[in-house]
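Just so it is clear, none of the values below were taken in a lab; they were calculated from the coordinates. Just so it is clear, the structure is predicted and the values come from calculations on it, not from any experiment. No Cβ is skipped: glycine too gets one built from the backbone with ideal geometry, and neighbour counts run over all protein chains shown.
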Amino acid sequence: MDADALLGKMVDAGRGLAGGVWAQIETVAVPELKKIAVQIADLARPDSPWDSDEKKMLLQMQVRSAETIIVAMTAITMIEVQKAINAILDAVRGFVNSKLPIPLL
């Protein structure tokens, strides 16, 4: 099995994700997908020393690793978004609160 061809198919599938998800994770996802593609290619080799259950377990471990890295990157992005929103609200806090009977921000 050709890992590069498999990676290409995986990336193509990722590009089809709805909601702009791919654009947010692409730079982190592609290297992780490459690791998965290489793992699949290695496990598919006829001379692989692993039995079927071990192959499934090894692939699942690689997928979990990729998920963890991509989720961590997404969390970092969410933290940066939250910081931006907080900065924006801080900038208008005085204005908003001066126009209301109670401090809203």
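Summary of values
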| quantity | calculated |
| --- | --- |
| Per-residue ³J(HN,Hα) for the range 29-39, Karplus 6.51 cos²θ - 1.76 cosθ + 1.60, θ = phi - 60°, Hz, x for Gly and Pro | 5, 4, x, 6, 5, 4, 4, 5, 4, 5, 4 |
| HN-Hα J in Hz across the range 4-18 - Karplus 6.51, -1.76, 1.60, θ = phi - 60°, x for Gly and Pro | 5, 5, 5, 4, x, 5, 5, 5, 4, 5, x, 4, x, 5, 7 |
| Ellipsoid equivalent to the chain - semi-axes via the Cα gyration tensor, in Å | 46, 14, 9 |
| Sequence-distant residues sharing a close amide H with L17 (under 5 Å, placed H) | W22 |
| Listed peptides 2-10, 45-53, 32-40 by packing density, highest first (mean Cβ within 10 Å) | 32-40, 2-10, 45-53 |
| Relative contact order %, the chain, counting alpha carbon pairs below 8 Å whose residues are six or more apart | 25 percent |
| Within a Gaussian network of the chain (alpha carbon springs, distance under 10 Å), most fluctuating of I79, I69, I25 | I79 |
| Long-range lysine pairs (8 or more apart or interchain), the range 3-99, Cα under 20 Å | 6 |
| Between helix 52-99 and the chain: long-axis angle, C-alpha atoms, 0 to 90°, nearest 10 | 10 degrees |
| Protection proxy ranking of 82-95, 54-67 - average other beta-carbon atoms within 10 Å, highest first | 54-67, 82-95 |
| Förster-model FRET efficiency, 41 Å R0, D42 and L89, C-beta, rounded to 0.05 | 0.25 |
| Residue-count net charge about M73 - beta-carbon cut-off 14 Å; Lys, Arg +1, Asp, Glu -1 | -4 |
| Distance between modelled label sites at K99 and T74, nm, 7 Å Cα→Cβ extension | 3.5 nm |
